[in-house]
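Structure record follows, encoded as structure tokens.
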């Protein structure tokens, strides 16, 4: 985890990075359960992951990404991350179809593994690219605006894909 650049000194980024830590913890549980064939436990942790991921993505797309898009240098990078979010939504939605298939249990497991791998790569890009860039690009008013957005949109967690 990146702790050398000072990102965690800013409450909005610290919160997003803490959520990444929680998502990594949950992915570890899911992978462990899948490795021993405990699908019910894997599903329970996956549902918990979606509950954490939904508001996390909403905050990034509703607050951080629009501010970073103003920077010509970061606009393309933000677009890539938004596309990855959309891909995660699609892949999570596809898990419902996979589970309903004749070989649904294995297709669901394989689909979850793909989602977790994509999520790992995505969080790495944010932790070591986007968040440090935000630290260098945004100012105090932007961080205040992000906090205001969070307070205005703080609601019970909606799972990703609902």
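Values in this text are rule-based calculations from the coordinates and carry no lab data. Please read these numbers as outputs of a predicted model, since none were measured by experiment. Neighbour counts run over all protein chains shown; Cβ positions are idealised from the backbone, glycine included.
Side notes on the structure shown:
- Tilt relative to the chain, helix 104-125 - C-alpha long axis, 0 to 90 degrees, to 10: 20
- A helix-only calculation puts the chain at -25500 deg cm²/dmol for mean residue ellipticity at 222 nm, using -39500 (n - 2.57) for each DSSP H run of at least four residues, averaged over all residues.
- Cα-based shape type of region 114-157, given that a ≥ b ≥ c are square roots of the gyration tensor eigenvalues and the cut on a/c is 1.5: oblate
- Mean separation of Cα contacts under 8 Å (6+ apart) over length of the chain, as relative contact order %: 35
- Cα centroid of region 17-42 to Cα centroid of region 90-120, whole Å: 14
- From least to most packed, judged by other beta carbons within 10 angstrom and beginning with the fewest, 56, 77, 153 follow the order 153, 77, 56.
- All Cα pairs of region 55-127, percent lying beyond 15 Å: 59
- The chain: angle of helix 72-100 to the longest principal axis, Cα-based, in degrees nearest 10: 20
- Rounded tilt (10° steps) of 39-59 against the dominant C-alpha axis of the chain: 20
- Column: log10 I(q)/I(0), Debye, Cα scatterers of region 10-153, q = 0.12, 0.14 Å⁻¹: -0.53, -0.69
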